Each structure stands twice: as C-alpha cells, then as structure tokens.
Amino acid sequence: MSIAEALAGQAPEAADAWQLLGMCLADNDRQAQADAAFERALALVPGNAMVLRNYGVFLARYGKALREQDQPEAAEPVLRKALVLLPEQASAWVDLGVVLRLLGRIGEALAAFRKAEGMLHQRGVDRPELQDAINGVLADAGRPAEALAGARQLIVRHPQHAPGHETLSNLLWENGAELAPGEDPLGEFRAAARAQPGNRGLQLAFARMLMAARHADEALALLHPLHQREPGNALLDWLVADALDALQRHEEAAPLYAVAARSELGKSPEFLNARARHAFRTQRFDLAASCAEEAVGIDPSNQEGWSHLGTAWRLLGDEREHWLFDYERLVGYTEIVPPPGFGDLPAFLQAPAATLETMHNAGREPVNQSVRGGTQTAG
C-alpha cells in the first residue's frame, strides 16, 4: 500500500499509478478512497480499456459486498456504474437483479437476470442458480405458470441442484391445486432424493422441506442413516433434534440440542432460535431466555430472537418484558375514518380489498410460513 501511495504522490499525472493505488485500496476495504483513485486514473486517460475494466471489476465487487451487507439501496448505483464501465459483466447483472428484487422492483430485476442469462447463453454457460432466481422472480411477478414450467425444466437439466427442487416444491405447494391438480408437491423432490443417496446437500434440503411441510416422521427416517454414518456431526444433531421435537419426543431431542450447542452452531442465531423453541415446548423458560439473549447479542436485528426473549421474560415474570414490548406505545386501537368519496367504512374497505385480491395469486400459504388457511403476497 505504501509503495502505491508513494508512486501516486511522485507521479500524479501517471494513470497507472492511480490505478494501482485504487486496486490496493480496494484490497484493503478502503472503498471510497479506491473509488476516488480510479476516478483520478480515468480522468487522466479517458476511455482507456484497461482502466475501464479494472474500475468496472472493482465497482462490481464493491456493489456485491454492499448487497451481501444488506444495503441494497447503496449497492444499486454502484452496480449500475460498474455496468456502464463494463457492460459485459454477467455477474454484475446478476447482482443488480438480486438488489432490484430486494427493493421490490420485480420487472427491472427480471430484465437484469435475463440480460445475464443471454450473455451466459452466448458463452455456452448454463447456471442453475441464475435460472432458479429467474423462476423466483416470475413467481414474484404473479406469473406462477411460467415459474413452474421453468422450475420443471431446471431440474431436468440439473437434477442434482437442490435449490431448484426446493423452488419446484414451493411452487407446487402454493399453486399446485390450480396448475397441477393432484400432484404431490414433494413428489419430484422425493424421487430425486431417492435417486441420489450420495448427494448430501440434496438429502439435507429434502429433510428441511419435509420438516417445513410438517412431515417430521419422514424427515427423521431420512436423517437417521445420515446421522449414524456421521456421528458427531453437529448439523445432523440439530436436524434430528428438530424432527424429534416436532414429534413430541422432547426428552430425546434435548441432549442432541445440547451437544450441537457446544459446536460452532452455538453461535448461530438460527440454531439458537430453534433451541429456544424447544425450550418453550419443555417449559424451560430460563433456557429459552438464555438462547434468545445469545441470538440477539450476535445479531441485534434478529426479529425472532427478540420475540423469544420478550416471551421468555413474560413467562419468567421479568419486568424487562414491558421495556421491550412497550404495550402502551406499540399497541392500541385506531378508528379508520373513510376518506372523501366513500359513504361509510364498508364501502371504503371494498376498494383496498379489490386491490389486495389481485396480489394474492397463490392457492395456499407458503410451506415455510406460520400462516394457516390463507395466502401471502408474492415476494
């Protein structure tokens, strides 16, 4: 770094020196300074292919990092600038599509994904992750029939791709009654798991899908031989514990949760929340509170962890419940006054109801959500 800084200082009119400095700064996560250094290089040699390429690659990586840090609003302009400099970056188009989807701009997200798909197709590259993302966006756009067709094509081309099977099962779960009457939403996934016993990722993904679909007995039967082959595997301890817990076999689940907690999973908010749910079921509210406190300590924005913590405090008679839930400020009644043009409240409520009904395209709830007997808006 010091050499690059010295070069730029000694030769302030040398574009290569500023470009080198930009790359060094980027490698040291000094993104704003790296951006300024690349801009200086580009100002010295406008249109230079090498500077444009390196600057575009830097911006694409920076935009992806912002997206992974859950900053989609900041990532979008960075990725768009990268694509102005280097429009043939298929990976940057993919990242832009992910960002736009997170921002709820579904049409633009689909266009970005299609752009990347076209580029990769010209290069003879078929990436199942991209096609799976396209299928998801089609579902978000209220086009489940197209998404379902795409998901079927994907697992034919890539039968080993677990996320593609998950997408197909989810689409059939929510839309199968209309689009594929009588088809088992888990049928293709189950057949793939049986045909590929050595595909560990597929086996675990199917076990999770079975749990989400409330088939804990089948999940346990699937996990049992894996668990026997890999004693001491903390992830399998956790999954088996979840299945046992769902089957009300809490005493068998408890030691498996305890063993998994002593592994690296003990620092995973997802695992801590799962163990907290087990603790609630067994009325160990002190354990539930301990797990929840750890979860929110690791991830202060973990909504499930906070809900567990507040519930545990309430059950333990801990006054901090009132600080967290703040019933006086956060809970109340509000009268809805019909706006001008509507004679009464029922007449007004018909208007948003008509809009909402067009947004609920599925036939049942998502498999991994807690709602029962209803549907959820796409995306």
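Yes/no per residue for (1) open to solvent by 30 Å² or more (accessible area, probe 1.4 Å); (2) more than 22 Å from Trp173 (Cα to Cα):
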{"site": "Gln89", "(1), (2)": "no, yes"}
{"site": "Arg123", "(1), (2)": "yes, yes"}
{"site": "Leu138", "(1), (2)": "no, no"}
{"site": "Ala145", "(1), (2)": "yes, no"}
Notebook entry, point to check: Picking from Gly107, Gly136, Gly142, which residue would you name as being more than 29 Å from Gln33 (Cα to Cα) and not in a helix (DSSP H, G or I)?
Noted result: Gly142
Next item on the list: List the helices (runs of 4 or more DSSP H) that sit entirely inside segment 280-379 and contain at least 3 residues that are touching a residue at least 60 places away in the same chain (Cβ under 8 Å) and either hydroxyl-bearing (Ser, Thr, Tyr) or open to solvent by 50 Å² or more (accessible area, probe 1.4 Å) (or both).
Entry: none
Check: What residue, of Ala149, Ala221, Ala139, is of a type outside the set (S, T, N, Q) and touching a residue at least 24 places away in the same chain (Cβ under 8 Å)?
Finding: Ala139
Note to self: Can you find, within segment 259-279, the residue that is farthest from Ala234 (Cα to Cα) among those that are open to solvent by 70 Å² or more (accessible area, probe 1.4 Å) and under 25 Å from the mean Cα position of the chain (by Cα)?
What the structure shows: Arg277
Checklist line | Options Arg80, Arg67, Arg61, Arg53: the member that is open to solvent by 40 Å² or more (accessible area, probe 1.4 Å), touching a helix residue (DSSP H, G or I) at 6+ places or on another chain (Cβ under 6 Å) and either in a helix (DSSP H, G or I) or free of Cβ contacts under 8 Å to residues at least 60 places away in the same chain (or both) | finding: Arg67
Next item on the list: Return the only residue of Leu220, Leu256 being in a helix (DSSP H, G or I), in contact with an Asp or Glu (Cβ under 6 Å, 6 or more places away or on another chain) and open to solvent by 20 Å² or more (accessible area, probe 1.4 Å).
Entry: Leu256
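Yes/no matrix, rows are residues, columns are (1) among the aliphatic types (A, V, I, L, M); (2) touching a Cys at 6+ places or on another chain (Cβ under 6 Å); (3) open to solvent by 50 Å² or more (accessible area, probe 1.4 Å); (4) farther than 22 Å from Pro163 by Cα:
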site: Gln196; (1), (2), (3), (4): no, no, no, no
site: Phe206; (1), (2), (3), (4): no, no, no, no
site: Ala212; (1), (2), (3), (4): yes, no, no, no
site: Glu230; (1), (2), (3), (4): no, no, yes, yes
Check: Scanning segment 147-187 for residues that are of a type in the set (D, E, K, R) and open to solvent by 80 Å² or more (accessible area, probe 1.4 Å), which turns out nearest to His215 (Cα to Cα)?
Finding: Glu178
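The values are calculated or read from the model by the stated rules, or taken from the named source; none is laboratory data. Remember, predicted model here, so these are calculated numbers, not experimental data. Ideal geometry is used to build each Cβ from the backbone, glycine not excepted, and the neighbour counts take in all protein chains shown. All accessible areas refer to the heavy atoms of the entire protein, side chains included, with ligands and DNA or RNA removed. Shrake-Rupley method; radii C 1.70, N 1.55, O 1.52, S 1.80 Å.
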